[in-house]
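Readers should treat all values here as calculations from the given coordinates under stated rules, not as data from a laboratory. What you see is a predicted model, and the numbers here were worked out from it, not measured in a lab. Virtual Cβ from ideal backbone geometry, glycine too; neighbours counted across all protein chains shown.
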Amino acid sequence: MEKILTGIRSTGTPHLGNILGVIIPSINIANKNKKDSSFIFIADLHSMIQINNIKTIKNNIYQIAAAWLAFGLNTENCFFYRQSDISEVTELAWYFSCFYPYQRLTLAHSFKNEIQKKNKEKISLGLFSYPILMAADILLYNAKIIPVGKDQLQHIEIARRIANSFNKKIGTKLFSLPNAFLQKKTMSVPGIDGEKMSKSKNNLINIFSSDEILKKQIMSIRTDNKSLKEKKNTETDYIMSLYKLIATSDKIVKMKEKYKKGGYGYNDAKIALYELIISKFAIERKKFFSFIKKESLLDHILFLGAKKAKKIASERLNKIRKYLKLNPLI
Ligand code: ADP
Ligand code: TRP
């Protein structure tokens, strides 16, 4: 099996989009993969671009770590670490930034989106070079399979270009070309407003919140204004879209029948979705609430992962340094 790698920024508690799009598919591969061939990390350096309060980042790191563990990531079989613990990655990002044309980065969505929203003065160099650090995350370990949501496709493409041009420059295939790993159904999970669910939008379903908050989020899913009696559209409704991602096929068929028949209100459908989420993720929620209280255990697990990953990272970086005619790391 090829090496797999993925990261989630420590910008908040993982939401249903992160979970269905990345956490579950990654764990399905990582737990079955050959030992030490999977890299799962918390992208705390990337999150610094967005969050000024260092304490918030630290707290978010625990949220992300607890979510991976709650879903059953086998940390013995993989590298599970904080990005910031492996300083080799920032050094590699520097080399890449010396080779990659500035003009191409101005075309990255992460930069283009911000420039539309913010004054140029407020855009940091870190945001501009975001895809470079992401390429370093991947290429440092020569990872091939990168589970991500659809919004990250362009970043993976940039990592491929960097690998390719670096290989050409040094005349050897030092870097493998990574591939995004996406699943059609879950590559862009919709939020309660039908737009892509995202921490930066107010449209989350957060299964790791209290029953009350979770219910409130689900009850706020936007619908059209059809009355209880009317027949409803199973293709365009957002409650149904989410239900289809989680329920078994016979449950989906039954729900569709109710929609088509009429006499079934959106409120009923929301309650059904809420109850499904509560029962489907009961174990994971319980585990999350237990892990989140054990910060020193989470620190310890991430420390062990970083220690293992650091060894591989420094060996790889020494190899890269050699091609650049630099001394080995001291
Ligand atoms: P967010 O976009 O909410 O800030 P992140 O940027 O931290 O979340 O995303 C972490 C990973 O989860 C990325 O690979 C991203 O593509 C994926 N992801 C984020 N939102 C969704 C979604 N709604 N559906 C599927 N995958 C998603
Ligand atoms: N950019 C990703 C996001 O916004 C996080 C990330 C950082 C990542 N480095 C990565 C994902 C490497 C996959 C591989 O969510």
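In this structure the amide hydrogen of Arg9, modeled in the peptide plane, comes within under 5 Å of the amide hydrogens of Ala43, none closer than 5 places in sequence on its chain. Dipole orientation for the chain: of the candidates Ser227, Ile138, Leu16, Ile138 has the Cα lying most toward the positive pole (charges on Cβ; Lys, Arg +1; Asp, Glu -1). Between Met1 and Ile24, the FRET efficiency estimated from the beta carbon spacing at R0 = 22 angstrom works out to 0.80.
If you run the Gaussian network model on the chain, springs between alpha carbon atoms under 10 Å, then out of Lys34, Lys120, Lys258 the most flexible one is Lys120.
In a fully extended conformation the segment linking Glu157 and Asn119 would gain 11.0 nm over its present Cα-Cα distance, using 0.36 nm per residue.
Measuring r between the beta carbons of Ser209 and Leu107 and using R0 = 45 Å, the FRET efficiency lands at 0.75. Straight-line cross-link reach from Lys168 at under 18 Å between alpha-carbon atoms covers these aspartates and glutamates, not counting any fewer than eight positions away in the same chain: Glu157. The helix-based estimate of mean residue ellipticity at 222 nm for the chain, built from -39,500 (n - 2.57) per DSSP H run of four or more residues and divided by its residue count, is -15500 deg cm²/dmol to the nearest 500. Counting only aspartates and glutamates at least 8 places from Lys254 when in the same chain, those with an alpha carbon closer than 14 Å to its own are Asp268. In this rough spin-label picture, where each label sits 7 Å from Cα along the Cβ direction, the Ile252-Lys184 distance is 1.1 nm. Under Stokes-Einstein, with the Kirkwood radius over Cα pairs as Rh, the value for region 211-280 at 20 °C and 1.002 mPa s is 177 µm²/s.
Eight or more residues apart or on different chains, and alpha-carbon atoms under 24 Å: count the Lys pairs in region 1-131 matching that.
7
Between Glu235 and Lys173, the modelled labels are 4.4 nm apart [label points 7 Å from Cα along Cα→Cβ]. For the peptides 139-151, 299-311, residues were scored by their other Cβ atoms within 10 Å and the scores averaged per peptide; the highest-first order is 139-151, 299-311.
Extension gain for the segment Asp224 to Asn164, taken as residue separation times 0.36 nm less the Cα-Cα distance, is 16.8 nm to one decimal. Highest mean packing comes first when the peptides 198-206, 71-79, 98-106, 42-50 are listed by Cβ atoms within 10 Å, giving 42-50, 71-79, 198-206, 98-106.
Against the chain, whose longest principal axis comes from its Cα atoms, helix 249-261 is set at around 50 degrees. With R₀ fixed at 35 Å, the C-beta to C-beta distance from Leu324 to Asn31 puts the FRET efficiency at about 0.45.
Electrostatic tally near Ile29: other residues with Cβ closer than 15 Å to its Cβ, Lys and Arg +1, Asp and Glu -1, net +3.
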